[in-house]
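Here is the structure we will look at.
A short reminder: the numbers here are calculations on the coordinates, not readings from a lab. Please read all numbers here as calculations on a predicted model, not as lab measurements. Ideal geometry is used to build each Cβ from the backbone, glycine not excepted, and the neighbour counts take in all protein chains shown.
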Amino acid sequence: MKKIAIIGFGGAGYQAAKEARRVDPTATIDVYSDTNIGPYNPMLTTYYVKGAIPYEAMFPFGSLEQIVRDLNLNFFANKPVTGLDPAAKLLKFGDGTTAQYDKILISTGACAVMPPLKGIDLPGVFKMRTAQDAVALKDALDKGEIKSALVIGASWVGIKVVEDMVAYGVPCTLVDGAKWMFYVAAFEETAKRAQKDLERKGVTVACEQMLDHIEQEDNGQLTAVMQNGRRFTADSIAVCIGVRMNVGFLKDSGLEINRGILVDETMRTNYDGIYAAGDCCEAMDTQCKIHRNIGVWLNANKQGKVAGANMAGEHMEFDANVLVNLAHYLDYDFISIGDISTCGPDDDVYEYEDETYYIRAVRSANGIKCINVIGSADSNGLIKNAFVKAVENADADLDIQTRCFLQKKGFPDGFIDFLGGKSVD
Amino acid sequence: MKHIFVFDQDKCSACSACMMGCMDQNDIDLAAGDQCYRQTFDNEIPLADGSTYCAYISAACMHCTDAPCITACPVGCLSKDPETGFTVYDNTNCIGCKSCAMACPFGAPRYRASDGKMVKCDGCNERVKHGLQPACVCACSFGALTCVTEDEYKASGSSKGCNFLLEQLALKKK
């Protein structure tokens, strides 16, 4: 009987367990978690805070008890793995014990980065990643303890915390260290439009503000002091500057690690029988052919499924891994597809704007590089898949249905041409 | 028994009767800003040889075998009906994040104007479970749109099953 261990039980861990159980009904599947709660979706935390969903809905696969029963798992709560011998497929625990397996999946996810700055641990300074983070913020907002807020980090999490504050009628300022919002995905022209929209909705935005430290005022308020000396004061400060992959326990294990664990298309690491999936790993980027973590829910789930199948003995591959960032907040949506860092001054730029869309897209002679679109949420799947096809084959044409759909949705012929299609009447 | 929509483009005239059937069945309120789950397209596409290709298409959810929208939904609204094989939904916890739209290569998910929640073609799941045909199929006068069981589909030798289009469009490598 095959023995499988899953370390960490978020979306990737759950999908791996589900798929491994489908492929191998008799395998022993042990799941190790550093919590005693079931798999939840970090993306849903801010939706819980603003009341869009109840607490239970953050757990999209149901209760832990039900999952453990349905998938016939051995769940070890509050038992973090502290070390790994990948050659021996041996897990190590804090109490000195070990456990050996045939296959091991590392799906430990990522955690919110809290920089080691003075004042970062003051009451009222918070992060947003876990279900506990969400409960704490919602509690404070419901009690009326937050009358003003500062959000540090115009990231995909930061913008959702801003949305929570707006939903509660809390005046909010958004600051970021970069030159413009969504810096790693948005062209400056796109970001300026997003910033203008936010400001129109009452949110103050300040870019090029790098946090130095946080102070507590005599009245209990908090002041974020920037490296340039500028001061932002509020009742509460959200620090949303990114995530760190939970791979510290693998240091010196021999696994190949950049920021995350490097995996191939089967989610296998550089050791036979050791797999990684989700926010703790770096899979091959289809566009740039480099290892990269593209930390979205869909990827984590697909990667977990692929890892689970392969661990249980059925070959499966993870593909179509391109950088995609979708920001959907305050009735505004912006998508970026592709690696913006590959764009240069000599590239061809396509730009279009009407009352529905703003489009800015870049390509070189070698092919498509990056697309920004504001207002296209309904059509993003078609655009993304056209992008993937163009990346995989620079000469790929759009299929007829995609062309027809995009035209019906009001996209200009020039953009359809850009994506690889022909102009249509 | 799994069901499959089959679309024969050669028989379609883009008359939009299928859309009418869909709107009637699903009480779609166009005036309120809702969109029909099924769409028709009537496009003339110039070809490289100077001729024109007339594209008559009726399209809705393809009910993909390995539907990416199911995996993409952060709250688990979407699922497969084990009886019919259709991609169905319970949007009680839908947060309107449009992750399903980003995963769908066919633009199938719609968003209800009144509350922003996702709605989509469910294959007229209840009708089919009770032995009826989907409303769009009933409305098609030309036999362009049909819905058959998987066994019937395999026996027909057809290659026009909507949920097999993913492979035809080369969106998957394997």
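Results, tabulated for the structure shown:
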quantity	calculated
Dipole magnitude (debye, nearest 20) for region A:125-241, charges at Cβ of Lys, Arg, Asp, Glu	340
Positive-end extreme of charge dipole, region A:125-241 - chosen from A:M128, A:G169, A:T190 (charges on Cβ)	A:T190
Lysines with Cα under 20 Å of A:K201, excluding same-chain neighbours fewer than 8 positions away	A:K50, A:K147, A:K160, A:K192
Signed unit charges on C-beta, dipole axis of chain A, positive-most listed residue A:P345, A:L326, A:G420	A:L326
Extension gain (nm, one decimal) between A:S148 and A:K251, 0.36 nm per residue minus Cα-Cα	33.0 nm
Two-site label geometry, A:D354 and A:K409: point separation in nm, points 7 Å out along Cα→Cβ	1.4
Full-extension gain in nm, A:D395 to A:L117, via 0.36 nm per residue minus C-alpha separation	95.1 nm
Region A:101-165: trypsin sites (Lys or Arg not before Pro) in DSSP coil with no more than 15 other Cβ atoms inside 10 Å	A:K118, A:K143, A:K147
Peptide-level mean, for B:58-66, of C-beta atoms on other protein chains within 10 Å	1
Pairwise centroid distance, computed over Cα atoms, of region A:190-223 with region A:362-413, Å	34
Cα-based reach from A:K3 at 27 Å (exclusive), listing lysines while leaving out same-chain residues under 8 positions away	A:K18, A:K79, A:K89, A:K92, A:K103, A:K251, A:K302, A:K305
Longest site-free stretch - chain A; sites: GluC sites (Glu not before Pro), DSSP loop, at most 10 other Cβ within 10 Å	A:1-216
Kyte-Doolittle mean at least -1.0, axial Cα span of 15 Å or more - DSSP H helices of chain A	A:11-23, A:131-142, A:297-312, A:380-392
Per-pair calculated FRET efficiency, R0 = 60 Å: B:L30 and A:N366 via Cβ, rounded to 0.05	0.85
Net charge dipole size for chain B [Lys, Arg +1 and Asp, Glu -1 on Cβ; Debye, nearest 20]	460
Where Cα atoms sit under 14 Å apart: lysine pairs in chain B separated by 8 or more or lying on different chains	8
Dipole in debye (nearest 20) - the protein assembly as shown, about Cα centre, beta carbon charges: Lys, Arg +1; Asp, Glu -1	940
Between region B:50-82 and region A:62-136, the alpha-carbon center distance in angstrom	35
Selection from B:S16, B:H63, B:C136, by position along the positive dipole direction of region B:3-168 (Cβ)	B:H63
